[in-house]
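Take a look at the structure below.
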Amino acid sequence: MRALAISAVVGAMALSGCSTTGNNIGGMEYDKTAIGALVGAAAGYGISKGNANTSAQNNRAAAIGAVLGGATGVYLDNKEKKLRQQMAGTGVDVTRNPDGSVGLIMPGNITFDTNKSNIKPNFYATLNKVAQTLTEDNKSGILVTGYTDSTGNDSINIPLSQARAQSVANYLAGQGVARTRINAQGQGSANPIASNATAEGREQNRRVEISIYAIQ
């Protein structure tokens with residue numbers, strides 16, 4: 001029973017953490033720092049300590065938590081590897097975000113026309129590959145975030161970035177990814193990844209990002 005309780009709470013932490021970030025995916029709040037083996041180990045240690053204050057039990061619970069957290073890391077490693085293979089030559093960058101999630105950065109020049117939120121038809125094949133990987137299982141949550149450059153103001157940029165993120169989310173759902181796993185948000189010109197002082201930089205900032213989180 002104690003091992004079962006440890007597993008349940010560690011799983012809950014991996015899913016919801018402290019619920020402080022406001023990143024809601026499929027109805028679940030994600031604390032982006034509450035992931036990986038370290039979180040699993042810390043959770044297991046804390047649970048065991050609350051039930052019986054012995055070193056042996058603490059170590060055993062920490063080990064259980066670490067295994068669960070490690071499994072999450074392996075799952076995301078496999079997703080990252082496959083997506084890197086699929087996205088080669090497409091113009092989409094595959095990264096590992098600081099919070100541990102797998103990130104896809106899709107620049108505006110290959111996804112949308114200027115001031116439009118309709119996905120370019122020649123980008124469908126790339127999104128089909130992403131959907132193929134995401135539909136292999138239901139163990140991940142997907143956050144789609146749209147961004148613009150700094151041209152214009154928030155009254156224009158935020159709705160446009162939201163519409164672009166929603167277009168990508170809708171397309172993935174149309175390819176079989178459960179809508180309950182996807183959340184879309186628009187951040188306007190926030191979080192630039194290049195200088196807005198140049199045309200090249202603005203083009204990089206006009207992007208959609210997909211972040212993939214393990215929810216197993």
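The values are calculated or read from the model by the stated rules, or taken from the named source; none is laboratory data. Just so we're clear, the structure is a prediction, and the values are computed from it rather than from any experiment. Every residue, glycine as well, gets a Cβ built from its backbone with ideal geometry; the counts of neighbours run over all protein chains shown. Note: areas computed on protein heavy atoms with side chains; ligands, DNA, RNA excluded. Shrake-Rupley method; radii C 1.70, N 1.55, O 1.52, S 1.80 Å.
If R₀ is 30 angstrom, what is the calculated FRET efficiency for the pair Glu203 and Asp77, using the beta carbon separation as r and rounding to 0.05?
Using R0 = 30 Å, I get an efficiency of 0.45.
So between Tyr124 and Asn138, what do we pick up on full extension, going 0.36 nm a residue minus the alpha carbon distance?
2.9 nm
Highest first, please rank the peptides 133-145, 150-162 by the mean number of other Cβ atoms sitting within 10 Å of their residues.
Most protected by this proxy first, the peptides run 133-145, 150-162.
Less than 14 Å Cβ to Cβ from Thr198, Lys/Arg counted +1 and Asp/Glu -1: what total charge do the surrounding residues give? Let's see the in-between values first.
Values: positive: Arg202, Arg206; negative: Asp149, Glu200, Glu203.
Here the count lands on -1.
Taking the highest mean first, how do the peptides 99-106, 72-79 order by number of other beta carbon atoms within 10 angstrom per residue?
Packing order, densest peptide first, comes out as 99-106, 72-79.
What residues of segment 187-201 lie in the reach of a label at Ile110, counting those whose backbone N is under 18 Å from a point 7 Å from the Cα along Cα→Cβ?
Answer for this model: 193-194, 200-201.
For segment 61-216, with all protein chains present and a 1.4 Å probe, just round the carbon and sulfur fraction of the accessible area to a whole percent.
On the way: 3480 of 7000 Å².
Heavy-atom surface of segment 61-216 belonging to carbon and sulfur, 1.4 Å probe: 50 percent.
Over 19 Å between C-alpha atoms is what I'm after, so list which of Lys79/Lys116; Lys82/Lys116; Lys79/Lys129 land there.
Lys79/Lys116; Lys82/Lys116
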